[in-house]
Amino acid sequence: MNQDEAIILISNKLKLIRTEHNYTQDRMAEVLGISKKTLVQIEKGRTTAGWTVCAATCALFRESQVLSSVLGADPLEVLETIAHEKIDAPKDKTMGGKVWWKEIKMHGAFRLQQNVISQHYRILDEMDFRWYSSFDKEDALERLNELSVQMKGE
């Protein structure tokens, strides 16, 4: 998934996200920092949201079932991975990937998973903390090996 694809997916679901939270168009526009006119144009499919509106939507509605259904699991993680091309530092505690993730490979104390919706990869440790995210499988496999070797050496 790339930035343009994410923008289209989120733009197409903005009205559902709004109704999921029982917001009026006025309230939703205020929360996202856009005009009601712009929100109406996005909801009618006449235009798409900008990247910053999509990022704000994922941050402010992170628990949205609608967003999870189109991006998989944590919408903000997906956007963060797209924006930075990868995330390579110990980060958030996750739920361990029971729903939106398939196991790709285990190596030492780490496991590589792929999101079944967004198709991005992440590496979790034994405690389910996310250490790495990327859309590049080869890069993710390489980092999995590096992390496993690094942990053995400590």
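Miscellaneous remarks
- Those residues of the range 118-140 which are surrounded by fewer than 17 Cβ atoms within 10 Å (Cβ to Cβ) and closer than 27 Å to Asn2 by Cβ, in sequence order: Gln119, Phe129, Asp136, Lys137, Glu138, Asp139
- Matching entry among Glu85, Glu30, Glu63 (being in contact (Cβ under 8 Å) with a residue 40 or more places away in the chain and surrounded by fewer than 16 Cβ atoms within 10 Å (Cβ to Cβ)): Glu85
- Residue within the range 101-120 that is closer than 21 Å to Ile8 by Cα and in contact with a Ser or Thr (Cβ under 6 Å, 6 or more places away or on another chain) present: yes
FYI, it's all coordinate maths here, none of it is from the lab. Treat the numbers as computed from the prediction; the structure is a model and nothing was measured. Don't worry about glycine lacking a Cβ; one is built from the backbone with ideal geometry, like all the others, and counts go over all protein chains shown.
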